[in-house]
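Okay, so here's the structure we're looking at.
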Amino acid sequence: MIITANSVPHSVDILKRFKPVYKRALAFVELMSGKIRVSDRGTESDKYSCTFTVIGDNVDIEALISDLNLESGQITIDTEGGKIFGPGIDHSSPFTCNIGGVFRYPVRDPLTTVIELTVMVVSPVIYDASVPIELPELYYQLPIERILSNQVTTFDSMTTGDYGRTKMFRNIIPTVNGPITKQSVKVKLKQCNEEMAKLHRFVADTRGDPFTLATNTHLELFLNSNSEDVIIKDFKFVPDGLKFWNVTMTLTNDVA
């Protein structure tokens with residue numbers, strides 16, 4: 001990786017345990033009906049950041065710190081092909097980034113020092129056109145957290161019964177099929193690089209739009225095999241070594 005700060009390029013090595021963050025510009029709003037509606041501010045408002053640890057000789061890290069302190073604008077990062085912002089993104093060109101936080105650079109041993117940096121991309125992000133936009137096979141890690149909830153009022157009401165007597169009853173919100181029910185699932189996946197790149201592009205392209213999770217190729221996640229109108233509410237991923245990614249996703253099919 002090459003970090004340019006204060007107009008000075010620094011060739012550095014980073015540890016493989018970096019932490020990318022992809023924040024879609026989506027807001028999920030729950031309606032009175034219990035359904036979910038998605039508000040999308042557009043891809044230009046999506047946020048990409050990464051926290052990674054640079055390791056190097058003491059003198060090299062101190063020189064990097066000095067230029068980071070002198071930098072009054074943004075830094076540029078040439079990842080040299082490293083997918084620090086996610087495997088679906090084209091990393092062939094340098095990124096312009098803001099850098100924030102407190103610089104901590106402990107001495108690891110008599111010869112080397114490490115520094116943890118958090119950078120936020122401000123230049124346009126382009127996805128890798130060589131990666132197909134499709135939902136790959138998902139490799140679930142058990143257990144899968146599934147939540148089914150009935151929405152009823154939180155109070156009992158009084159009514160007059162036969163012969164003037166009163167009785168208590170639970171006031172269930174009326175719908176065609178009874179009380180409002182909501183389903184969501186939280187799944188953990190382990191995907192290889194190729195599958196993860198496809199999943200990253202699929203999530204970025206689908207955004208908050210509903211899609212069908214075909215049960216002939218994917219595990220039945222919802223009650224009564226209801227796999228239509230599924231949306232991805234939460235999407236997080238971190239690398240696991242050089243070939244795999246650990247993914248956490250929250251899915252729901254209660255779409256307005």
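The values are calculated or read from the model by the stated rules, or taken from the named source; none is laboratory data. Because the structure is a prediction, the values reported are computed rather than measured. With ideal geometry, Cβ positions are generated from the backbone for all residues, glycine too; neighbour counts draw on all protein chains shown.
Structural remarks
- Within the range 60-86, the set of residues being closer than 24 Å to Lys236 by Cβ and either among the β-branched types (Val, Ile, Thr) or touching a Lys or Arg at 6+ places or on another chain (Cβ under 9 Å) (or both) comprises Ile77, Thr79, Ile84.
- As a summary of the residue check, Val54 satisfies the conditions (1) crowded, with 16+ Cβ neighbours inside 10 Å; (2) in a loop (DSSP other than H, G, I, E, B) except for the one numbered (2).
- On the stretch given as the range 191-239, residues that are among the acidic types (Asp, Glu), surrounded by 15 or more Cβ atoms within 10 Å (Cβ to Cβ) and modelled with pLDDT of 90 or more total 1.
- Meets criteria (of a type in the set (Lys, Arg) and assigned to a strand (DSSP E or B)) for Lys182: yes
- The set of residues in the range 196-235 being touching a helix residue (DSSP H, G or I) at 6+ places or on another chain (Cβ under 7 Å) and part of a loop (DSSP other than H, G, I, E, B) consists of Thr215 alone.
- Condition check for Ser11: farther than 30 Å from Phe244 by Cα and not assigned by TED's automatic domain parsing to the domain that holds Asp209: no
- When residues of the range 240-250 are limited to those that are hydrophobic (A, V, I, L, M, F, W, C) and surrounded by fewer than 20 Cβ atoms within 10 Å (Cβ to Cβ), the one farthest from the chain's Cα centre (by Cα): Leu242
- Residues in the range 99-121 that are out of contact with any Gly (no Cβ under 9 Å at 6 or more places or on another chain) and closer than 16 Å to Ile2 by Cα: Ile99, Val121.
- Of the numbered criteria (1) in a strand (DSSP E or B); (2) free of Cβ contacts under 8 Å to residues at least 60 places away in the same chain; (3) crowded, with 20+ Cβ neighbours inside 10 Å, the one Ala27 fails is (3).
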